[in-house]
Amino acid sequence: MPLWDFQGSTMLTSQYVRLTPDEPGREGSIWNRVPCFLKDWELHVHFRIHGAGKKNLHGDGFALWYTRERLTPGPVFGSKDNFHGLAIFLDTYPNDEATERVFPYISAMVNNGSLAYDHSKDGRWTELAGCTADLRNRNHDTFLAVRYSRGRLTVMTDVEDKNEWKNCIDIAGVRLPTGYFFGASAGTGDLSDNHDIISMKLFQLMVEHPPEEENIDWTKIEPSVSLLKSPKDNVDDPTGNFRSGPLTGWKVFLLLLCALLGIIVCAVVGAVVFQRRQERNKRFY
């Protein structure tokens with residue numbers, strides 16, 4: 001297969017690339033040899049996850065990568081931890097028994113090498129956003145689209161045989177460098193599935209950038225995300241999406257302070273209005 005390298009249990013056929021067979025303890029990956037120097041791009045992945053395992057007796061899913069490292073096996077869906085770049089996880093097995101999250105679950109993670117993926121919590125502490133998607137053992141084609149343009153990361157699914165994209169993840173403030181590699185990897189533990197990649201297609205997006213970005217060396221950008229809240233605030237939501245965590249003492253204090261200030265402002269405004277009405281009434285006597 002030109003321009004692609006593969007390792008581990010990966011098997012090539014004329015119809016698909018099987019990252020792992022439906023057997024326990026297997027890992028496999030494919031990686032493109034050519035670094036991507038596009039600033040704005042969209043990746044379409046035609047895939048299939050299937051196996052003999054029944055409900056919650058299958059695993060573990062696969063990952064799509066845009067990273068500096070390539071062909072490095074590891075514990076995160078068959079690839080290395082503490083990576084540099086972007087990962088999209090299609091997780092089919094809930095390792096956290098206390099979770100209310102509905103699986104299969106798709107999530108995104110951006111890493112500058114300092115973060116570790118926590119399998120025991122299904123990556124919740126480092127997750128940027130995610131959604132539930134019924135993508136396993138479908139009798140029709142299943143697709144995923146990953147778009148990165150002008151600092152916005154968007155992930156969409158087409159797994160319901162409707163031939164239309166459904167939004168899953170939409171995050172602004174994402175910074176990814178150019179010169180990284182695309183890849184896909186999968187791993188099985190005690191439970192297993194077939195993880196097949198049927199096609200991966202990359203499209204260049206023609207987008208205008210502001211003049212101040214012309215002198216930026218995009219290969220030197222550090223992967224990062226500007227968030228209004230920390231991913232560690234993520235807690236499970238039965239709908240499949242994450243929501244903010246419970247109110248802390250400081251948050252409660254700030255809410256009460258804002259409410260008190262609001263009451264004071266209303267009282268002052270009311271007093272001024274009342275005084276002016278009294279003065280107006282006196283003029284008519």
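The values are calculated or read from the model by the stated rules, or taken from the named source; none is laboratory data. Nothing here was measured: the structure is a model prediction, and the numbers come from that model. Note that we place each Cβ from the backbone using ideal geometry, even for glycine, and neighbour counts take in every protein chain shown. Accessible surface is based on the protein model in full, side chains and every heavy atom, while ligands, DNA and RNA are left aside. Shrake-Rupley method; radii C 1.70, N 1.55, O 1.52, S 1.80 Å.
For the reader, a short list of remarks on this structure follows.
- Test: residue in segment 67-81 that is open to solvent by 50 Å² or more (accessible area, probe 1.4 Å), in the same structural domain as residue 179 (by the TED database) and aromatic (Phe, Trp, Tyr): no
- Scanning segment 112-155 for residues that are small (Gly, Ala, Ser), within 24 Å of residue 54 (Cα to Cα) and open to solvent by 20 Å² or more (accessible area, probe 1.4 Å) returns a single hit, 120.
- Those residues of segment 188-208 which are in a loop (DSSP other than H, G, I, E, B), open to solvent by 70 Å² or more (accessible area, probe 1.4 Å) and farther than 25 Å from residue 25 by Cα, in sequence order: 206, 208
- Scanning segment 176-186 for residues that are open to solvent by 30 Å² or more (accessible area, probe 1.4 Å) and part of a loop (DSSP other than H, G, I, E, B) turns up nothing.
Let's see how each residue does on (1) within 24 Å of the chain's Cα centre (by Cα); (2) aliphatic (A, V, I, L, M); (3) open to solvent by less than 40 Å² (accessible area, probe 1.4 Å); (4) closer than 26 Å to residue 149 by Cα:
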residue	(1), (2), (3), (4)
10	no, no, yes, no
15	no, no, no, no
21	no, no, yes, no
24	no, no, no, no
42	yes, no, yes, yes
54	no, no, no, no
59	yes, no, yes, no
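- Unique residue being within 11 Å of the chain's Cα centre (by Cα) and assigned by the TED database to the domain that holds residue 86 when the list is 144, 176, 153, 135: 153
- Failed condition for residue 93, given (1) in contact with a Gly (Cβ under 7 Å, 6 or more places away or on another chain); (2) closer than 21 Å to residue 198 by Cα; (3) among the aromatic types (Phe, Trp, Tyr): (2)
Quick grid of which residues meet (1) over 25 Å from residue 202 (Cβ atoms); (2) in a loop (DSSP other than H, G, I, E, B):
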{"site": "5", "(1), (2)": "no, no"}
{"site": "22", "(1), (2)": "yes, yes"}
{"site": "49", "(1), (2)": "no, no"}
{"site": "53", "(1), (2)": "yes, yes"}
{"site": "58", "(1), (2)": "yes, yes"}
{"site": "73", "(1), (2)": "no, yes"}
{"site": "85", "(1), (2)": "no, no"}
{"site": "88", "(1), (2)": "no, no"}
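- Exactly one residue out of 216, 169, 221 is assigned by the TED database to the domain that holds residue 80 and surrounded by 15 or more Cβ atoms within 10 Å (Cβ to Cβ), and it is 169.
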